[in-house]
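Taken together, the values in this text are just the output of simple stated rules run on the coordinates, not laboratory data. Source: prediction; values computed, not measured. Here the Cβ positions follow ideal geometry from the backbone for every residue, glycine too, while neighbour counts run over all protein chains shown.
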């Protein structure tokens with residue numbers, strides 16, 4: 001996802017120095033998050049500054065939103081909405097059934113997250129931990145009816161393949177744009193060179209005596 005002046009994308013190892021500062025400023029377990037940085041989506045400005053992040057851990061068909069952070073003096077609500085849009089796309093691409101969170105901003109309840117009932121909590125993966133805050137849940141799609149493990153894995157593989165193909169399409173477009181720009185620059189350079197050669201070969205005007 002791209003917004004004028006910034007983009008939202010998956011975190012890379014190059015983002016770790018800035019992510020550490022964000023995690024530390026929010027008193028989060030940055031040493032633990034370093035090991036799972038690939039679970040994070042980030043907002044980056046055109047100047048390369050990371051100004052927001054959100055964790056999205058995926059376990060089977062369940063997803064967990066956690067550890068949202070925003071740099072000081074930035075529009076947190078706007079950045080949160082952009083990160084949420086990115087997280088929804090990732091969740092859809094992975095075929096997730098539910099999203100879980102303990103984030104307490106009102107924003108999440110506005111998006112449809114509700115306090116999970118006891119019977120719903122039994123579906124929350126233990127890998128997401130427990131915590132003291134109430135668990136909120138958002139149902140993204142109906143439960144798969146009667147799918148076995150192989151079918152679930154096939155759906156997951158299909159979703160991941162769609163995500164890879166979308167990334168490859170964007171990469172091809174970027175390469176095509178770069179090629180066009182290169183050709184335009186080369187064409188302009190060649191035209192300028194030809195004009196300079198023509199001027200250089202043109203005979204100089206001869207001044208007549210008395211004129």
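Tabulated values for the structure
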quantity	calculated
Residue 178-residue 12 FRET efficiency (beta carbon distance; Förster radius 22 Å; 0.05 resolution)	0.60
Shape category assigned to the chain from the gyration tensor of Cα positions, a/c cut at 1.5	prolate
Contour minus Cα-Cα distance for residue 34 and residue 121 (0.36 nm per residue)	28.5 nm
Sites residue 109 and residue 27 - FRET efficiency at Förster radius 30 Å, r taken between beta-carbons, to 0.05	0.80
Structure-based [θ]222 nm, the chain - -39500 (n - 2.57) summed over DSSP H runs of at least 4, per residue, nearest 500	-15000 deg cm²/dmol
Relative contact order for the chain, counting Cα pairs under 8 Å that sit 6 or more residues apart, in percent	14
Highest-MSF residue in the chain out of 42, 181, 90 [GNM, Cα springs under 10 Å]	181
Segment residue 59-residue 132, extension gain: residue separation times 0.36 nm, minus the distance between their alpha carbons	24.2 nm
Stretchable slack from residue 73 to residue 157, in nm (0.36 nm times residue separation minus alpha-carbon distance)	26.2 nm
Label-point separation in nm, residue 92 to residue 47, each point 7 Å along Cα→Cβ	3.3
